[in-house]
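Take a look at the structure set out below.
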Amino acid sequence: MELLSKRGAPTKNTKTGLGLLEVLVAFLILGFLMLPVFGFLTYTVKDAEKLYTEAFAISHARFVMDTVMFQVPWILLEDGDGRIANIRDPRDGDIFDDPEIGDSVNHLLRAYLNRLFGDQTIDFPFSTDGIVECPMGFRYRVRLKCVTIGEPHLEHLDIFDQDAIPISWLVPAHPTSGEYNVMKKLILEVMWSNIKGEDPPATFQGRSARINSIQLVAVRADLEEYR
Amino acid sequence: MNNRRSAMAIPLVLIFAFITAAMLMSLLFIGTETKNQNKITLYNLQAHYLALSAVQHLKLKLQHMPREVRIAVEPGQPPDTNVFEHIVSSINPIRSVIHFEGGNFDPSYSLFAADAPSDDATPIRGRYEFVSLQADATERRFVHDSFIATVTAAVSCGCGPDPCPRCSRHPNGMPYVVTISERIYLSRD
C-alpha cells in the first residue's frame, strides 16, 4: 500500500506539468519579447536592400565610366546641353559615301547605349540620360555630362608648357563643332530611389531620405590616331 | 526535484537572451560594415578614375611630344621630372576645368539639379599628379624602350569646408589614395 502510494503519485505529476494557461502566458511573453527582434530583422532586410542598391549603382557607374573612357571613340563624345552629353558619329555615312553604313553605326550605337543608359527609345543624336533597372526591381537614372576642354577654356595647348603651342598644330578640328581640343571632362551621376519600381525624378527636388546618388569624375584625352 | 526544475528557468532564459542578442548584434555589425565598405569602395573608385585621368594626361604628352619626353627620360640618365610638372590637376593651366578642389568643389553638385551646374564645378574633392617615369631595363627592345609610369590620385569623402574627423587627420584632407603604375613603350626614332 505504501509502495503504491509512493509509485502512483498521480497528483504529484499533475502539479509538476504545465497548464494551458501557463503555456499561453509563456507564449504571450515570448511574443512580446520577439516583437522588437522581428522588427529589427525587418529593418535589417530593408537595410540589406539599400546596401544592394548602393552596390549595384557603384557597379553600373563603373561599367558606364569604363565604357565611355576606353570603348566609345573620342570623336563621338559631344558636350550636349551642358547637363547631358550627346554621343553620335559626326561623320555619319559620309566616310563611305553610303548613308546605309551611317544607319548601321547608329544601330550599333543604339544597342550599345541601351546597355549603359537603359532599354528605351533614344533618338539620334543619342543622349546620355536614361533609366536602368536592377534584377531586384529598383530603378536608377544614369546621366553623363561632358565638358570639352578646348576653346574657349583653353586657347592654346599650355597643358604641356607655359610656352604655348596652338592645339591646331597638333590635332584636326572637330568635324561638327570646328573646335580644337584634346581633353574632355566626364561627370557621371547615378541616382536611385529606395522604393522598388519607383522612377527617380528627372529633376532634383531637394534632398530626400529615399533618393540617393553617386558621382564619378574623370578626364579623357584624345589618344586616337585614326583621324 | 521541483526546486531543481524551476532553477533551470533563469539559465535557459539567459542563454536564449544571449543567443538572440548575439544574433542581432552580428546582423547590426554586418550591416554597418557593409555600409562602410560601400562608401570606401566608392571613394576608392573616384580616386581610381582621377588616377586614370593622370595616365591619360601623361599619355597625351607622350603622344604629342615623344622626342622631348625621350630626351628627358633617356635610359641611364637621371630623369628630368620638370617635363612632367604640369601633369597635376590642381596647378594645371586648365585649372578652371580640371581643378577638383578649392572653390570648384561643390558638395551639393548634381546633374539633376534644376539649374545646370557650371563646367568648372566638380562633385568630388580630389587631385591627381604625376609621380615618376622610370626606365625599365628588363624590357629594352630593338626599336623601343620600356618605362614604368606612376601616377597617384586622392579624394576626400566629400565633406565640405569643415573636414570630417577622418579627412582632417590627413595633411591634404584626402585620405582615399590610389596609385597606378603602367608600362609605356617609347619608340627610339
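The values are calculated or read from the model by the stated rules, or taken from the named source; none is laboratory data. Here the structure is a predicted model, which is why all the values come from computation and not from measurement. Here the Cβ is made from the backbone with ideal geometry for all residues, glycine too, and neighbour counts use every protein chain on show.
Given the structure, is A:Val23 under 25 Å from B:Ala116 (Cα atoms) and out of contact with any Asp or Glu (no Cβ under 9 Å at 6 or more places or on another chain)? Spelling it out, it is not the case that A:Val23 is under 25 Å from B:Ala116 (Cα atoms) and out of contact with any Asp or Glu (no Cβ under 9 Å at 6 or more places or on another chain). Taking region B:96-119 as the range and being crowded, with 16+ Cβ neighbours inside 10 Å, among the charged types (D, E, K, R) and more than 25 Å from B:Pro175 (Cβ to Cβ) as the test, only B:Asp119 passes. If the condition is being more than 28 Å from the chain's Cα centre (by Cα) and more than 9 Å from every other protein chain (Cβ to nearest Cβ), then region B:17-43 contributes B:Phe18, B:Ile19, B:Ala21, B:Ala22, B:Met25, B:Ser26.
When region B:152-169 is filtered for residues that are modelled with pLDDT of 85 or more and not β-branched (Val, Ile, Thr), the ones remaining, listed by number, are B:Ala153, B:Ala154, B:Ser156, B:Cys157, B:Cys164, B:Pro165, B:Arg166, B:Cys167, B:Ser168, B:Arg169. So which residues in region B:72-95 are outside any loop (DSSP other than H, G, I, E, B), within 21 Å of the chain's Cα centre (by Cα) and modelled with pLDDT of 75 or more? Answer for region B:72-95, where residues must be outside any loop (DSSP other than H, G, I, E, B), within 21 Å of the chain's Cα centre (by Cα) and modelled with pLDDT of 75 or more: B:Phe84, B:Val88.
Can you tell which of B:Ala47, B:Ala54 is assigned to a helix (DSSP H, G or I), more than 10 Å from chain A (Cβ to nearest Cβ), touching a Phe, Trp or Tyr at 6+ places or on another chain (Cβ under 8 Å) and surrounded by 14 or more Cβ atoms within 10 Å (Cβ to Cβ)? It would help to see each step written out before you state the result.
On the way: B:Ala54 fails: more than 10 Å from chain A (Cβ to nearest Cβ).
Just one listed residue meets the conditions, B:Ala47.
Does B:Val69 satisfy being away from chain A (no Cβ under 12 Å), surrounded by 15 or more Cβ atoms within 10 Å (Cβ to Cβ), at pLDDT below 80 and over 25 Å from A:Asp79 (Cβ atoms)? The answer is no for B:Val69. None of A:Val132, A:Val142 is surrounded by 15 or more Cβ atoms within 10 Å (Cβ to Cβ), within 13 Å of another protein chain (Cβ to nearest Cβ) and at pLDDT 90 or above except A:Val142.
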